[in-house]
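Participant: This structure is in structure tokens; I'll ask about it shortly.
The values are calculated or read from the model by the stated rules, or taken from the named source; none is laboratory data. Values in this document were obtained by computation on a predicted structure and should not be read as measured data. Here Cβ is always computed from backbone atoms with ideal geometry, including for glycine, and neighbour counts include all displayed protein chains.
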Amino acid sequence: MFEGILTALVTPFRAGGVDEKALRDLVDFQIEAGVSGLVPCGSTGESATLSHSEHQRVVEIVVAASAGRVPVVAGTGSNSTREAVALTRHAKEAGADGALLLSPYYNKPTQQGIYEHYASIARETAFPLLVYNIPGRTASNIAPETVARLAELDHIVGIKEACGNIDQIAHVVARCPADFDVLSGDDSFTLPLLAVGGKGCISTTSNVAPREMCELVSAFASGDIARAQQVHYQLLPLFDVLFCETNPIPLKAALHLAGRIDEEIRLPLTPLTEANRERLQLVLKDVGILQ
């Protein structure tokens, strides 16, 4: 249902608020570059520091700006099941095509608690849902056995895997139905994940290099493994530098350098350090994003 490169969109800010024009421009830029979908209000979109009204507005803007050209999968996760249900219902009413929900953070639920969290949201919203496993942010890992149980439920259609363990991801692919979409949550894992049967990536890097990320996936899909490898290695320094500090700090700096957004970021995140800014500029020039 959701395959290829889906861009985890940044939320551009200006003067303390959401820069709606810049957000619409980013949507057009991504779609024109050929991405398969858009994911607003994820961790890349600084969802943790958006107010509820801002969160809803960002989803509404992205849905309207995309105008049905690509699917929109709204980030609607929360460590409160009730809040996640409310955010997911709004995304559905706003016209999104699905929702991405990270596993509850801070609470540290058991595997049964994780299962029941997603099962409740699926039952109460009847909306296509992607599970999001990112132990580095949530302090809990969704086991392959739990993912397999979730894959049996109506409306749970896939997972964004950012566990950092290709063996675990392979076990997820092996245990789930063929139509269950396993997507990478780490750009550098896109090619390895495709090799074990995954369907694509919800990508940070595609904010600045959408065509290149799309080419990596399309080359692999067409059987041109050598070209997919070549693109992977071309982008590898970019994968590294975009995570030299907490995402989306380097990414917002990169988009600012490319003239697409203001660099404004919300506390507790802080602007990119000068040393890393110099490194970022060099990499962006090397990969052809900056002249």
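Participant: Scan segment 66-102 for residues that are free of Cβ contacts under 8 Å to residues at least 60 places away in the same chain, closer than 23 Å to Gln30 by Cα and in contact with an Asp or Glu (Cβ under 7 Å, 6 or more places away or on another chain) and jot them down.
Facilitator: Val72, Ala94
Participant: Okay, moving on. Quick check: anything in segment 264-277 of a type in the set (Gly, Ala, Ser), surrounded by fewer than 17 Cβ atoms within 10 Å (Cβ to Cβ) and within 15 Å of Ser206 (Cα to Cα)? Show your work before the answer.
Facilitator: Step one: filter segment 264-277 for residues of a type in the set (Gly, Ala, Ser), giving 275.
Remaining after also requiring surrounded by fewer than 17 Cβ atoms within 10 Å (Cβ to Cβ): 275.
So of that shortlist, the ones also within 15 Å of Ser206 (Cα to Cα) come out as none.
Within segment 264-277, not a single residue is of a type in the set (Gly, Ala, Ser), surrounded by fewer than 17 Cβ atoms within 10 Å (Cβ to Cβ) and within 15 Å of Ser206 (Cα to Cα).
Participant: Still on this model: Return the pairs, sorted by first residue and then second, in which the second residue is surrounded by fewer than 22 Cβ atoms within 10 Å (Cβ to Cβ) and of a type outside the set (A, V, I, L, M), the first residue lies in segment 136-147 and is assigned to a helix (DSSP H, G or I), the beta carbons are less than 6 Å apart, and the residues are 6+ apart or on different chains.
Facilitator: Thr138/Tyr105; Pro144/His171; Pro144/Arg175; Thr146/Gln111; Thr146/Tyr115
Participant: Taking the criterion of being of a type in the set (Lys, Arg) and closer than 23 Å to Val59 by Cβ, would at least one residue in segment 117-134 satisfy it? If you could, list the steps in order and put the result at the bottom.
Facilitator: Going through segment 117-134, the residues of a type in the set (Lys, Arg) turn out to be 123.
Then drop every residue that is not closer than 23 Å to Val59 by Cβ, which leaves 123.
Within segment 117-134, one or more residues are of a type in the set (Lys, Arg) and closer than 23 Å to Val59 by Cβ.
Participant: While we're here: Any idea which residue in segment 245-259 is surrounded by the most Cβ atoms within 10 Å (Cβ to Cβ), counting only those that are under 18 Å from the mean Cα position of the chain (by Cα) and touching a residue at least 40 places away in the same chain (Cβ under 8 Å)?
Facilitator: Ala254
Participant: Let me ask something additional. I'd like to verify a number: residues in segment 58-83 that are in a helix (DSSP H, G or I), of a type outside the set (Val, Ile, Thr) and more than 21 Å from Ile121 (Cα to Cα), how many? Can you show your working first?
Facilitator: Quick first cut of segment 58-83, residues in a helix (DSSP H, G or I) only: 58-66, 81-83.
If we keep only those that are of a type outside the set (Val, Ile, Thr) too, we end up with 60, 64-66, 82-83.
After this cut, where a residue has to be more than 21 Å from Ile121 (Cα to Cα) as well, the list is 64-66.
Matching residues across segment 58-83 total 3.
Participant: Are there any pairs with C-beta distances below 8 angstrom linking a residue in segment 159-185 that is farther than 16 Å from Ile202 by Cβ to a residue that is among the charged types (D, E, K, R), with the two at least 6 apart or on different chains, and if so which?
Facilitator: Gln168/Glu161; Arg175/Glu145
Participant: Checking the structure you have, find out if any residue of segment 33-40 is more than 16 Å from Cys201 (Cα to Cα) and either surrounded by fewer than 21 Cβ atoms within 10 Å (Cβ to Cβ) or modelled with pLDDT of 95 or more (or both).
Facilitator: Initially, segment 33-40 is screened for residues more than 16 Å from Cys201 (Cα to Cα), giving none.
So far as segment 33-40 goes, no, none of its residues is more than 16 Å from Cys201 (Cα to Cα) and either surrounded by fewer than 21 Cβ atoms within 10 Å (Cβ to Cβ) or modelled with pLDDT of 95 or more (or both).
Participant: Taking Arg137 and the conditions (1) farther than 25 Å from His232 by Cβ; (2) within 15 Å of the chain's Cα centre (by Cα), which numbered condition does it fall short on, given that it satisfies the others?
Facilitator: (1)
Participant: Right, something else. Is at least one residue of segment 132-151 within 15 Å of Val85 (Cβ to Cβ) and modelled with pLDDT of 95 or more? Working first, answer last.
Facilitator: Taking segment 132-151 as the starting set, the residues that turn out to be within 15 Å of Val85 (Cβ to Cβ) are none.
No, because not a single residue in segment 132-151 is within 15 Å of Val85 (Cβ to Cβ) and modelled with pLDDT of 95 or more.
Participant: Among the candidates Lys108, Lys92, which residue alone is assigned to a loop (DSSP other than H, G, I, E, B) and surrounded by fewer than 23 Cβ atoms within 10 Å (Cβ to Cβ)? Show your work before the answer.
Facilitator: Numbers: Lys92 fails: assigned to a loop (DSSP other than H, G, I, E, B).
Sole residue among the options that is assigned to a loop (DSSP other than H, G, I, E, B) and surrounded by fewer than 23 Cβ atoms within 10 Å (Cβ to Cβ): Lys108.
Participant: Only residues that are part of a loop (DSSP other than H, G, I, E, B) and either surrounded by fewer than 24 Cβ atoms within 10 Å (Cβ to Cβ) or among the hydrophobic types (A, V, I, L, M, F, W, C) (or both): list them for segment 171-185, please.
Facilitator: In the first step, residues of segment 171-185 are kept if they are part of a loop (DSSP other than H, G, I, E, B); the result is 176-180, 185.
Selection gives Cys176, Pro177, Ala178, Asp179, Phe180.
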